[in-house]
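The values are calculated or read from the model by the stated rules, or taken from the named source; none is laboratory data. Please read these numbers as outputs of a predicted model, since none were measured by experiment. Here the Cβ is made from the backbone with ideal geometry for all residues, glycine too, and neighbour counts use every protein chain on show. In case anyone asks, the SASA skips ligands and DNA or RNA and just uses the protein heavy atoms, side chains included. Shrake-Rupley method; radii C 1.70, N 1.55, O 1.52, S 1.80 Å.
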Amino acid sequence: MRITVLGSGGWGTALALLLTDNGHRVTLWSHSAQRCELLRRERVNPRLPGVALPEALELTDSLEALGESEVAVMAAPSFAVRETARKAAPFLAPETLWVSAAKGIERDTALRMTEILEQETGRRAAALSGPSHAEEVGRGAPTGCVAAARDLETAQRVQDVFMSPRFRVYTNEDLVGVELGAALKNVLALCCGISDGMGLGDNAKALLMTRGMTEMARLGVAMGGRKDTFAGLAGMGDLIVTCTSMHSRNRRCGILIGQGRSAREAAGEVGAVVEGCFAALSAQQLAEKMGVEMPICRCAYRVIYEDASVESVAEELMRRSRRREVDESWIGGM
C-alpha cells in the first residue's frame, strides 16, 4: 500500500518506520526543505537518536506524493494540522483515507483533529491513539494503540495497515472519546509534572490521575463519547504513560513549572511542542461550552494563561467541597 506520513517529527518518523517495516511503500513529508535534506543526508532523525532511517523510506518536502497514496497519516503538531491539511487538499486522491495521529483540540473552534481534516479536505478521517512514545515505537518496543472511526470497517482497515508483531492495534467506533482522551491526557500530564516539580509526592500524582480521568470521561460523555472508552488504551493507557514517563514533554514541562518557571519559559526549555499547553485552553473552552465541571483542567488553564501560582491552585483543589466518590466515578456515575 502507498502511504504518506505528514510530519517529520519524532512521532511521524516513528510511524513511518513502522509502516515501512510492515511492507508498505512510505513517504515521510517534511514542511521544511532544509529538514528534509538533513534527514536524507544523515538518515537519522535527531528526535529519534540511534534509529536509522532505511533507504526504503522515501523523504520529501513536496506534497505531490499524496496523489498516489491510499492512506495519509497526519502527524503534525495539533496547531499545524489545519494549515497542513489545507495545503494537502489539492494533492489528495479521491479515495484517500486520513488517519490522524495528532493529539489535540483546535484553539477557539474546539474541533477535534479528524473534524479539521474532514472540513479542510472533504475526505473521511480515522484516528490512531494510545500510549505510544515515539522513542519506543521508533526502536520497536512493544506498543498497543487504538484505531478509531465512526464505522467498524474503516477502523479495521486502519488496524490492518498498522498492526505488527510489535505494534498491536485494537478497534473502537467511539471516535469522539478516543480523540478527547488523546488531547485531555496532555493537560493532566502537565498537572502531574507540576506536582512532581513541587515535590508533592506519589499520593498527589495518583489523586490527580484518578480524578483527572473522571473529568476526561465527564466531558467525553457530554460530547457524545462513551464512558468505557476512557477505561481503555486511548484513555487510562495514554494517561498512565504520559503522566509517569520522562519521555513525555508535557510532564517535563510541568516539572519545570512546578519548580518555578513560567509556562512560556518551561515550554522553551523543553524545546519541542508541548501539546498540553494548547489543550488546557481548549479544555477550558469546552468545559464552559458544555457546562461540565473540570476543576483540575481549570487549574491548569489558570496556571498557564492567568499566571496563577501553582501553590494557590494546589490549595484550591484540596479545599474543594466534600464529594461522594462513587457519584462522580468515571466507571460509575458522573
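Side notes on the structure shown:
- Residues being of a type in the set (Asp, Glu) and surrounded by fewer than 18 Cβ atoms within 10 Å (Cβ to Cβ) - total across region 95-107: 1
- When every residue of region 108-118 is checked against the conditions, at least one turns out to be open to solvent by less than 40 Å² (accessible area, probe 1.4 Å) and charged (D, E, K, R).
- Total residues in region 151-167, condition among the basic types (Lys, Arg) and surrounded by fewer than 16 Cβ atoms within 10 Å (Cβ to Cβ): 1
- Exactly one residue out of LEU207, LEU219 is more than 13 Å from the chain's Cα centre (by Cα) and either more than 21 Å from GLU311 (Cα to Cα) or small (Gly, Ala, Ser) (or both), and it is LEU219.
- Screening TRP98 on (1) more than 20 Å from VAL274 (Cα to Cα); (2) at pLDDT 95 or above; (3) part of a loop (DSSP other than H, G, I, E, B) shows it passes everything except condition (3).
- Taken as a whole, the structure places GLY212 among residues that are under 18 Å from the mean Cα position of the chain (by Cα) and in a helix (DSSP H, G or I).
- Selection count where residues are over 17 Å from the mean Cα position of the chain (by Cα) and buried (at least 16 other Cβ atoms within 10 Å of the Cβ), scope region 119-150: 5
- Residue pairs whose Cβ atoms lie under 9 Å apart, sitting 6 or more positions apart in sequence or on different chains, and linking a residue in region 89-107 that is farther than 17 Å from ASP238 by Cβ to a partner that is open to solvent by 10 Å² or more (accessible area, probe 1.4 Å) and assigned to a strand (DSSP E or B), are GLU106/ARG112.
- Criterion (touching a Leu at 6+ places or on another chain (Cβ under 6 Å), under 27 Å from GLU265 (Cα atoms) and surrounded by 21 or more Cβ atoms within 10 Å (Cβ to Cβ)) met by exactly one of GLY212, GLY220, GLY181, GLY193: GLY212
- Which numbered condition SER245 fails, given (1) open to solvent by less than 10 Å² (accessible area, probe 1.4 Å); (2) under 22 Å from SER78 (Cβ atoms): (1)
- Test for ALA76: is it farther than 25 Å from PRO49 by Cβ, in a loop (DSSP other than H, G, I, E, B) and not charged (D, E, K, R): no
- Looking only at region 66-79, and only at residues there that are small (Gly, Ala, Ser) and open to solvent by less than 20 Å² (accessible area, probe 1.4 Å), the one that is farthest from VAL5 (Cα to Cα): SER78
- Lone unmet requirement of (1) in a helix (DSSP H, G or I); (2) over 24 Å from the mean Cα position of the chain (by Cα); (3) at pLDDT below 95; (4) not small (Gly, Ala, Ser) for ARG264: (2)
- Taking first residues from region 46-59 that are basic (Lys, Arg) and partners that are surrounded by 12 or more Cβ atoms within 10 Å (Cβ to Cβ) and part of a loop (DSSP other than H, G, I, E, B), the Cβ contacts under 8 Å between residues at least 6 apart in sequence or on separate chains come to ARG47/GLY9; ARG47/ALA272.
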